[in-house]
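Trainee: I am attaching a structure below and will ask some questions about it afterwards.
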Amino acid sequence: MAWQGMAAEFLQVPAVTRAYTAACVLTTAAVQLEILSPFQLYFNPHLVFQKFQVWRLFTNFLFFGPMGFSFFFNMLFVFRYCRMLEEGSFRGRTADFVFMFLFGGVLMILLGLLGSLFFLGQALMAMLVYVWSRRSPQVRVNFFGLLTFQAPFLPWAILGISLLLGNSILVDLLGIAVGHIYYFLEDVFPNQPGGKRLLLTPHFLKLLLDPPEEDPNYLPLPEERPGTHLPPPQQPSHNGAPAFPRPAGPGIFPFV
């Protein structure tokens, strides 16, 4: 019963958060069980573009290292802030949310080539946290019961934790940089004099992922309008003459 409750709760999580979190956990579990090897997952441009191992463009975002404190720490922040973005500023805009992932992933791979970075999942997590923090500047964050501060300081607190854990902060800095580029292009530049939106979600993604938009010019049929019902049929009077229509009762609107 407990598993059924957990499964039902997990199915209520928005689709993108659910899919990405599940993919990360399953990939790490497969490595832990020695079904997969990290050498099959890491980003290697030679293997991608010359050996056509294109899956490495995606799998390098799914592996967060062996199961341990660092893995659960990263999964906690991925799940929490990915979900908060999807249910908050991206609510009803699944295509835009997926496009943010694609934009961030491509930019991280291009910049990661300069730093010889092989796994970029932690950078993607840092980007998600950064975008959420900049869109929620007034929110106060309680950081594991130790510190309380405004949301824009959260990415830097996570960077400090990575430093204490002995991880390379270059990955976190990459995620913060890409998150800032996205935030600037999406939220800042369009609101500047002469600015405009430069990140336009492809139309096919909207058709594939977003619910169809309602036509503003569509006029529903009378029977589809709330509170509108068909008038009762006119019954002939006893002398054969048609009866006068009765007045409509409360909440019922006759045809005009």
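The values are calculated or read from the model by the stated rules, or taken from the named source; none is laboratory data. Keep in mind it's a predicted model, so treat the numbers as computed, not measured. Positions of Cβ are generated from backbone atoms using ideal geometry, with glycine treated the same way; all protein chains shown enter the neighbour counts. These accessible areas exclude ligands, DNA and RNA; they are computed on the full protein's heavy atoms, side chains included. Shrake-Rupley method; radii C 1.70, N 1.55, O 1.52, S 1.80 Å.
Trainee: Please label the shape of region 1-209 as rounded, prolate or oblate, based on the square roots a ≥ b ≥ c of the eigenvalues of the alpha-carbon gyration tensor (a/c under 1.5 means rounded; beyond that, a/b larger than b/c means prolate, else oblate).
Mentor: Taking the square roots of the gyration eigenvalues as a ≥ b ≥ c, region 1-209 is rounded.
Trainee: Once amide H atoms are built 1.01 Å from N in the peptide plane, which residues 5 or more positions from Leu120, or in another chain, come under 5 Å H to H?
Mentor: Answer set, sorted by chain and number: Phe61.
Trainee: Using mean Cβ contacts within 10 Å as the protection proxy, how do 199-211, 146-158, 83-95 order, highest first? The partial results should precede the final answer.
Mentor: Details: 199-211: 12.9, 146-158: 15.2, 83-95: 16.8.
Sorting 199-211, 146-158, 83-95 by mean packing, highest first, produces 83-95, 146-158, 199-211.
Trainee: Further, regarding this structure: Which cross-chain or sequence-distant (5 or more) residues have an amide H under 5 Å from the amide H of Phe143, H modelled 1.01 Å from N in plane?
Mentor: Answer set, sorted by chain and number: Thr148, Phe149.
Trainee: Using a probe of 1.4 angstrom, how much of the accessible area of region 64-172 is carbon and sulfur, in percent?
Mentor: The C+S portion of the solvent-accessible surface of region 64-172 is 69 percent.
Trainee: Moving on to the next point. Summing +1 for each Lys or Arg and -1 for each Asp or Glu, what net charge is found among the other residues whose Cβ lies under 13 Å from the Cβ of Ile158?
Mentor: 0
Trainee: Could you give the accessible area per residue of region 1-134, probe 1.4 Å, as a whole number in Å²?
Mentor: The answer is 51 Å² per residue.
Trainee: What residues have an amide H closer than 5 Å to that of Asn44, excluding those fewer than 5 places away on the same chain, when H is modeled at 1.01 Å from N in the peptide plane?
Mentor: Amide H to amide H, under 5 Å and 5 or more residues apart or across chains, Asn44 pairs with nothing.
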